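Just so you know, all these numbers are worked out from the coordinates, no wet-lab data involved. All values reported here derive from a predicted model rather than from experimental measurement.
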Amino acid sequence: MYSVSVVLALLVGAGLVVQVALNMAVSRAVGSPVLAALANFLVGTALLLLYLVLSRQEWPTRAQLGTIPLWAWLGGALGAAYVATATLAGPRLGALLLVSLTVAGQMIASVIVDHYGLLGFTQQPVATSHLVGIALLTIGIFLVAR
């Protein structure tokens, strides 16, 4: 199952670049990256609803929804911020620099989250190899941005 997860993560990562390009096309047509992001989420929501209906998944009860911490709902806001920002910044930065900066932000946040065991992740202390990897990625970003 681990290797399937690795392949899926790579495919989804590649899909993010395509998603930015598709959202940029919508943004150009409607004149707004925020409207493009909204269109992205409307299509995604419709497809997820269709999947849930077709797969006959049970809907959560009110009691289950009530157990979700308030901070957990911010995931949707972060997703919207990513899509809108990538749609706005993509044409200015290019796909390579946009993705490089996004990955750098993810790696820095990941090291912090893992080190302190935040947000439900298992605590994993920072290793020298993690810091070297982030340093190498940072050097790579400078090379990409040149």
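Data table
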item: Value in Å of the Kirkwood radius, where the chain supplies the Cα pairs that are averaged; result: 17.9
item: Cα pair distances of the range 94-146 binned at 10 Å [whole percent]; result: 25, 45, 24, 6
item: Length-normalised contact order of the chain in % [C-alpha pairs under 8 Å, at least 6 apart]; result: 22
item: Max mean-square fluctuation residue, GNM over the chain, Cα-Cα springs under 10 Å, options 68, 112, 134; result: 68
